[in-house]
Structures are given as structure tokens and as C-alpha cells.
Amino acid sequence: MPKEIALQRARADARAGKKPSTQAGEFVREEMHSLRKGSGNVRSRKQAIAIGLSEARRAGVGLGSPKSGPSETRRKAQRDLAVGQGRAKPSPSRSRGARKAAKTRERRYSR
């Protein structure tokens, strides 16, 4: 879940007429901070970028899906874009899976 400040900054960028990639940069920036703090669900820089872009798409930033790369990644990006535009609802099973993974990760690293 993106922080409110990231949403505000992204909306301000949109109002200023900046490109979607600049708007999405706010979400990526937030994930990089959580990576440095060691909290959140980020383990690497690459993952922080992927999560930030996904959150941006789900928040309604007009980022397209990637033209190349694994088909699963392209499909998930299209789904995130549809959720952000209100054409689809978030998948309950995906939400459950993310919540379950966070719980197991929490148990594993809390020792």
C-alpha cells in the first residue's frame, strides 16, 4: 500500500504535466526507502523497482505494460493497469497470497 505522500507527489507531477515514468518514480522512491530501512516486502533493488511500478499502475498512473520480458510480467502489468483504471477489481487470491507471504516472512526474520 503506497503512502499518502507518494500519491500526493505523483498527482502533483501529473498536474504539472510530467510523464508517467516521472510520476511512477515517486512510488519507486518510496520502495527504495523501505529497502534501505530493511522493512517492508523488498529484498533487492530490482524488486523495489518492480513493486513501485506495480503500485503506480494500481494507483492510476498511465504507465503501459512492458513490451518485452516474461509473459507473466506483462500480464500482471496489464492487470495492474486495469485495476488502476477501474476496469478490474484486485484479485482476492493475490491479496491473500501477499498477506500470507508477509506473515511467513515476518516469522522467519523475527527470530
From the phi angles alone, apply the Karplus equation (6.51, -1.76, 1.60; θ = phi - 60°) to segment 75-89 and give each ³J(HN,Hα) in whole Hz, x where the residue is Gly or Pro. 5, 5, 5, 5, 5, 4, 5, 5, 5, x, 8, x, 8, 8, 8
If each Cα of segment 46-111 is one equal point scatterer, what is log10 of I(q)/I(0) from the Debye formula at q = 0.13, 0.14, 0.16, 0.30 Å⁻¹? -0.42, -0.49, -0.61, -1.28
Note: R74 to R99 extended length (0.36 nm per residue) minus current alpha-carbon separation gives 6.7 nm
Which of R29, R79, R99 fluctuates most in a GNM of the chain (C-alpha springs under 10 Å)? That residue is R99
Two-site FRET efficiency, S21 against A88, from Cβ-Cβ distance with R₀ of 25 Å, rounded to 0.05: 0.65
Rounded to whole Hz and in sequence order, give me ³J(HN,Hα) for segment 46-62 from the Karplus expression 6.51 cos²θ - 1.76 cosθ + 1.60, θ = phi - 60°, writing x for Gly and Pro. 4, 5, 4, 5, 4, 5, x, 5, 5, 5, 5, 4, 5, 8, x, 5, x
Compare the peptides 31-37, 69-75, 42-48 by average per-residue count of other Cβ atoms within 10 angstrom and give them in order, highest first. 31-37, 42-48, 69-75
For the chain, the charge dipole (Cβ of Lys, Arg +1; Cβ of Asp, Glu -1; about the Cα centre) points to a positive end, and the Cα of S68, S95, A10 closest to that extreme belongs to S95
Hull surface divided by four, with the convex hull built on the Cα atoms of the chain: how many nm²? 7.6
Could you give each residue of segment 9-23 its phi-based ³J(HN,Hα) in whole Hz, using Karplus coefficients 6.51, -1.76, 1.60 with θ = phi - 60°, and x for Gly or Pro? 5, 5, 5, 5, 4, 5, 5, 6, x, 7, 5, x, 5, 5, 4
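Where a number appears in this text, it was derived from the coordinates with a stated rule and is not lab data. Bear in mind the structure is a predicted one, so any value in this text is a computation, not a measurement. Glycine also receives a Cβ, built like all others from the backbone with ideal geometry; neighbour counts cover every protein chain displayed.
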